[in-house]
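Accompanying notes for the structure given below.
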Amino acid sequence: MTSPRADRLQTVLWAAAGVGLLVLFWLLAPILTPFAVAAVFAYICDPAVNWMVARRVPRAAAVLAVIAAMGGFLLLLVLIFAPMIYREAVILFGRLPELIELLETRIAPWLRASFDIELQFDVASLKAWAAEHRDTARDLLPTLLTHAREGGMALIAVVANLVLIPIAMFYLLQEWPRFMSGLQSVIPRPILPRTLRILGDIDSVMSEFLRGQLSVMLILAIFYSVGLWLAGLKFALPVGVLTGLLAFIPFVGFGGGLLLAILAALLQGEGLALLAGVGIVYAIGQVLESYALTPYLVGERIGLHPLAVIFALMAFGQLFGFVGMLVALPASAAILVGLREVRGAWLASHLYLGEAGSAERDRQ
């Protein structure tokens, strides 16, 4: 039987070890990106692998099949959208002088007359710059390829990371049951049931949030693409898909997509009717996301409030960069479950219940 002093020493040592791991994670953040991406993908894909294994498919074959399916899906998205976005970006860049003209002749006078806002920008210089770089925009791809060849080491690092992600994902998915078993084997026996329950709660929060949010993203991408197409926007598909993908970050998808759609509508130059159509589509989409999709598919029972998600993404991104943004939601889920445990302990404590409450609890 250990003494209270030994218990306190163990607690201090474990806390120091945890702080040391956080410092190590912060120091290694620049090289952890492919591993963090692989871990997120592995977590999402593990149920599919388990489903195939339950139907007598060897785990290695199931892992390869899932990785190949995900890679093929991502490659298909790139092949479909990259040429489209490149072509439409060139068109948009070529029409920048028209947008500058619209700002000068319509929007600036309206802002000045309605809100007494004076836009200060050098219209002549902007037009000259846009005209000078109009031809350069058509040669954007060769220019990017030239810069990629010149920055050989950076290109090698990007390719190495892209190759490392599926490799790390394969080993993570292949060894996932062993990792879980090893984790259980090192947990102290007296707290094993409670620890497994807490880990199960964290997994439940994360799985419901991630898979529900993926469903929301897919539905919103389809809705905005179809809605903007019906409104008459020429760039409906890329803008709609981008809005749906950015919906993973609350309010960023709606705000960023709306700005892109308004810019595309202005450059299309079809007047206020198209702008009104874009506004109606995004208003309906926001109502649909806030009052139907997110409550039903994600669920308020998860407890990850949109403001908490935004704060977690910003805080972890500030501390650990891109890797921090990847682990922000899992860490938030763990913190959320921990706070629930603390709240439960507080509500059951002698300090909260007082003498009468404690006696009543003991009798029960």
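The values are calculated or read from the model by the stated rules, or taken from the named source; none is laboratory data. What you see is a predicted model, and the numbers here were worked out from it, not measured in a lab. Glycine also receives a Cβ, built like all others from the backbone with ideal geometry; neighbour counts cover every protein chain displayed.
Every residue, every condition in (1) acidic (Asp, Glu); (2) buried (at least 21 other Cβ atoms within 10 Å of the Cβ); (3) over 27 Å from VAL78 (Cβ atoms), yes or no:
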{"site": "SER215", "(1), (2), (3)": "no, no, no"}
{"site": "LEU218", "(1), (2), (3)": "no, no, no"}
{"site": "LEU237", "(1), (2), (3)": "no, no, no"}
{"site": "GLY240", "(1), (2), (3)": "no, yes, no"}
{"site": "ALA265", "(1), (2), (3)": "no, yes, no"}
{"site": "GLY277", "(1), (2), (3)": "no, no, yes"}
{"site": "ALA283", "(1), (2), (3)": "no, no, yes"}
{"site": "TYR291", "(1), (2), (3)": "no, no, yes"}
Answer yes if at least one residue in segment 288-308 is modelled with pLDDT of 80 or more and more than 30 Å from ALA38 (Cβ to Cβ), and no otherwise. yes
Report yes if VAL63 is modelled with pLDDT of 80 or more, farther than 25 Å from ALA265 by Cβ, assigned to a helix (DSSP H, G or I) and touching a Lys or Arg at 6+ places or on another chain (Cβ under 7 Å), otherwise no. no
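Could you list all residues from segment 178-195 that are assigned to a helix (DSSP H, G or I) and surrounded by 14 or more Cβ atoms within 10 Å (Cβ to Cβ)?
Start the filter on segment 178-195 by keeping residues that are assigned to a helix (DSSP H, G or I), which leaves 178-186, 189-195.
Passing the criteria: only THR195.
In segment 164-177, which residues are part of a helix (DSSP H, G or I) and within 13 Å of ASP46 (Cα to Cα)?
Looking only at segment 164-177, we keep the residues that are part of a helix (DSSP H, G or I), and these are 164-174, 176-177.
Hits for segment 164-177 are MET169, PHE170, TYR171, LEU172, LEU173, GLN174, TRP176, PRO177.
Just to be sure, is ARG56 at pLDDT 70 or above and more than 29 Å from the chain's Cα centre (by Cα)? Spell out how you get there, then give the answer.
Details: at pLDDT 70 or above: yes; more than 29 Å from the chain's Cα centre (by Cα): yes.
Yes; evaluated as a whole, the condition is true for this residue.
Give the residues of segment 253-284 that are in a loop (DSSP other than H, G, I, E, B) and of a type in the set (Gly, Ala, Ser), sorted by residue number.
Pass one, segment 253-284, residues in a loop (DSSP other than H, G, I, E, B): 269-271.
Within segment 253-284, GLY269, GLY271 meet the criteria.
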With criteria (1) in contact with a Ser or Thr (Cβ under 9 Å, 6 or more places away or on another chain); (2) free of Cβ contacts under 8 Å to residues at least 40 places away in the same chain; (3) of a type outside the set (Asp, Glu), ILE222 comes up short on (1)
